[in-house]
Amino acid sequence: MKKRFILLIDFSEYSNNLIKYAYDWSTQANAELLLVHQTIVLTPGLADKEIKKSITEHTNNEAIQKLNALAKEIIPPSTKVSYFVSDNNLQLTLADLLKEPYDNIIFFQSKESKMLKKLFLGSLKVKIIDNIENIIVAIPKEITQFSNEKIFIAVTEKHPLNIAGLRDFLDLINNTNTSLTFFYLSKSKENTENTEKYLQDLSASFADRFNTSYSIHEASNPFEGINKLIKNKDSEILVVQKGSRLLTDHFFRKYLITELVYEGQFQLIILP
């Protein structure tokens, strides 16, 4: 099946960086690019149906032209790029797009300005993570190149890793000189014997394609634990999975979703 990267473009000052990042990765993954934008159509309250329709069409056409111009600055003509603009709910748009015959990955920027924090865009991204069952990539606005030298994969024994989802992600990268580290953040004095065995098995199962290792780190604060683990935020990737303890406890809901959406510092891959 063809591969497609779906880029959520909000026309912020760093939208071109997101396009550069996804395009750089697409050359490695042989993926098509689809730039998606949700318009906000402002129409007079007393306007009739035809006037509202005309304003909506004009707003959407302007957005298409803007996407086209943005892409042309970055992406060579030989690369297949498509555009989708609608004033419909973005979650519904994505649900429809994911029904099309592609292996998709959704991209958006994780780090937002203080102004955007106050708007709906940040909370909408959190809702997309919560409700869309697909691999999602969130990157800080400063990163412009895809790099996968080291990939750190968060694991818990009680919620087995989505192996199929992980393999789908790994099939999109060049495995030359790429290392995978399966890690677990334990609580103080936690018995991790079974978890260590699980980490060993995971490490062994991917050793035919990658340099693999595993580690266990005691961390009362998962956010701080991850930041200590990931040293080079430009070349290292964090992989997490929805449904694991790491993603559903109170700390994650408060920080590892909301704060990474607002203040992301590294490449983040979220598995369904």
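The values are calculated or read from the model by the stated rules, or taken from the named source; none is laboratory data. A quick note: this is a predicted structure, and the numbers were derived from the prediction, not measured. Don't worry about glycine lacking a Cβ; one is built from the backbone with ideal geometry, like all the others, and counts go over all protein chains shown. Areas reflect the complete protein model, heavy atoms only, side chains present, ligands, DNA and RNA absent. Shrake-Rupley method; radii C 1.70, N 1.55, O 1.52, S 1.80 Å.
Within the stretch 151-245, which strands (runs of 3 or more DSSP E) (wholly inside it) include 2 or more residues that are of a type in the set (Ser, Thr, Tyr) and open to solvent by less than 80 Å² (accessible area, probe 1.4 Å)?
179-186, 211-218
Of the conditions (1) modelled with pLDDT of 90 or more; (2) within 25 Å of Ala207 (Cα to Cα); (3) part of a loop (DSSP other than H, G, I, E, B), Ser147 fails just one. Which one is it?
Failing condition for Ser147: (1).
Among the residues of the stretch 186-202, how many are under 13 Å from Lys158 (Cβ atoms) and not hydroxyl-bearing (Ser, Thr, Tyr)?
The number of residues fulfilling the criteria is 4.
With the condition being modelled with pLDDT under 85 and more than 26 Å from Ile153 (Cβ to Cβ), I'd like the helices (runs of 4 or more DSSP H) fully within the stretch 30-142 carrying at least 2 qualifying residues.
49-72, 114-117, 120-131
Would you point out the residue of the stretch 203-234, among those that are aliphatic (A, V, I, L, M) and touching a Ser or Thr at 6+ places or on another chain (Cβ under 9 Å), that is modelled with the lowest pLDDT?
So, considering only residues that are aliphatic (A, V, I, L, M) and touching a Ser or Thr at 6+ places or on another chain (Cβ under 9 Å), the one modelled with the lowest pLDDT is Ala219.
Please list, ordered by first then second residue, the pairs with beta carbon atoms under 8 Å, 6 or more apart or interchain, first in the stretch 10-34 and closer than 11 Å to Gln145 by Cα and open to solvent by less than 10 Å² (accessible area, probe 1.4 Å), second assigned to a strand (DSSP E or B) and of a type in the set (S, T, N, Q).
As it stands, the answer is Leu18/Gln109, since those pairs meet every condition given.
Has the stretch 244-265 got at least one residue that is at pLDDT 60 or above and small (Gly, Ala, Ser)?
no
Give me the pairs, please: first residue somewhere in the stretch 212-230 and more than 18 Å from Leu268 (Cα to Cα), second residue anywhere and aliphatic (A, V, I, L, M) and open to solvent by 50 Å² or more (accessible area, probe 1.4 Å), beta-carbon distance under 9 Å, and either six or more positions apart or on two chains.
Correct list of pairs: Thr212/Ala204.
Determine whether Glu142 is more than 22 Å from Pro272 (Cα to Cα) and touching a strand residue (DSSP E or B) at 6+ places or on another chain (Cβ under 9 Å).
No, not satisfied.
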